[in-house]
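Some notes on the structure that comes next.
The values are calculated or read from the model by the stated rules, or taken from the named source; none is laboratory data. None of these values were measured; they are calculated from a predicted model. Quick reminder, even Gly has a Cβ in these numbers, built from the backbone with ideal geometry, and neighbours come from all protein chains shown.
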There are 2 protein chains.
Amino acid sequence: MEEMPGALGTSSSFALRLGQIVFSSASLFFMCLDVDFYGYSAFCFLVMVMGLVISWSSTLLVVDAYYIFIKCLPRQRRCILMLTLGDMVLSYLLLAAACSTASVTDLLLVADKSYCPGKLCSRYQISAAMAFLAWFLSSASCLFNFWIFPSL
Amino acid sequence: MEEMPGALGTSSSFALRLGQIVFSSASLFFMCLDVDFYGYSAFCFLVMVMGLVISWSSTLLVVDAYYIFIKCLPRQRRCILMLTLGDMVLSYLLLAAACSTASVTDLLLVADKSYCPGKLCSRYQISAAMAFLAWFLSSASCLFNFWIFPSL
């Protein structure tokens, strides 16, 4: 069970966390850069969720790096439970934010060009796509941890 | 392991499936009744997902009723795996549909009253709320089946 990929303290978990941070930061970057995102509640929700995900994944990236490079600690049941619950909540929030952003962008594109001038809507779309990628990696983390939990 | 609540063939699984059917049907009812939902892609997505969920949950309701009232069959690993994957995909689709509907409704409420005359927007809101309830029950089914899977 120590070799289960994606579990806390493995190099694949480290890679998953790194991917989550990269995609969340990209999504946040495309949403915030020079864009008045606070006009729409769906976009504000995305920004809030991305802030949560980046801080959560950064913390666990540091923990993974500690496990890999310094020493291998035994995994505790309570720790994995907290991790699984946190990942689950964040992956649901990420999916919700990505879907809200995508549907609002779609509606803005269909409705009127005046709401979506220049390259604004393509930025919203890129931000939503990055949020979907971050959701995919986050739910993978959650499933791997959930999988090893009953065997602990 | 036979007594694990929420697993296939238990009365709690039967109740969960029944709840999914009720909330999905209610969501579909409020969305379709006298409303031009096909004008917005998020609402079309909700209707499609609800159709999938109602057929999936109805099938499994019949299977659960067979297990409970007629005979108790041994659970097979492959069967539970398919069930878990199906439930997972449907719960993600349900959350996506619910969030899209909620965010588009919010945008329509904020934007202009002409897009949202009379009691239309409150119907959209009720439909989104029902979709969230159906998502909650569907993800509960998925988690219970996922939980017993490693022990099979």
*asked:* Quick check on the stretch A:69-90. Is at least one of its residues part of a helix (DSSP H, G or I), among the β-branched types (Val, Ile, Thr) and without any contact (Cβ under 8 Å) to a residue 24 or more places away in the chain?
replied: yes
*Provide a single number: the residues in the stretch B:117-130 that are at pLDDT below 85 and crowded, with 18+ Cβ neighbours inside 10 Å.*
0
*Could you run through the stretch B:23-70 and say how many residues are at pLDDT below 90 and in contact with a Cys (Cβ under 7 Å, 6 or more places away or on another chain)?*
2
*Restricting the search to the stretch A:25-48, which residues are within 13 Å of chain B (Cβ to nearest Cβ), in contact with a helix residue (DSSP H, G or I) (Cβ under 8 Å, 6 or more places away or on another chain) and part of a helix (DSSP H, G or I)?*
A:TYR38, A:SER41, A:ALA42, A:PHE43, A:CYS44, A:PHE45, A:LEU46
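Has the stretch A:50-67 got any residue that is within 14 Å of another protein chain (Cβ to nearest Cβ), β-branched (Val, Ile, Thr) and buried (at least 17 other Cβ atoms within 10 Å of the Cβ)? First the steps, then the outcome.
Just the residues of the stretch A:50-67 that are within 14 Å of another protein chain (Cβ to nearest Cβ), to begin with: none.
The answer is no, given that none of the residues of the stretch A:50-67 is within 14 Å of another protein chain (Cβ to nearest Cβ), β-branched (Val, Ile, Thr) and buried (at least 17 other Cβ atoms within 10 Å of the Cβ).
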*If we keep just the residues of the stretch B:115-152 that are among the hydroxyl-bearing types (Ser, Thr, Tyr) and touching a residue at least 40 places away in the same chain (Cβ under 8 Å), which is nearest to A:SER139 (Cα to Cα)?*
B:SER139
*Given the structure, is A:GLY51 free of Cβ contacts under 8 Å to residues at least 40 places away in the same chain and assigned to a helix (DSSP H, G or I)?*
yes
_So if I check each of A:LEU85, A:LEU133, A:LEU94, which one is modelled with pLDDT of 85 or more and more than 14 Å from every other protein chain (Cβ to nearest Cβ)?_
A:LEU133
*Go through the residues of the stretch B:80-93 one by one and say whether even a single one is crowded, with 18+ Cβ neighbours inside 10 Å and farther than 19 Å from B:ILE148 by Cβ.*
yes
*asked:* Condition (residue is closer than 23 Å to B:ALA140 by Cβ and more than 11 Å from the chain's Cα centre (by Cα)) applied to the stretch B:32-41: is it met by at least one residue?
replied: no
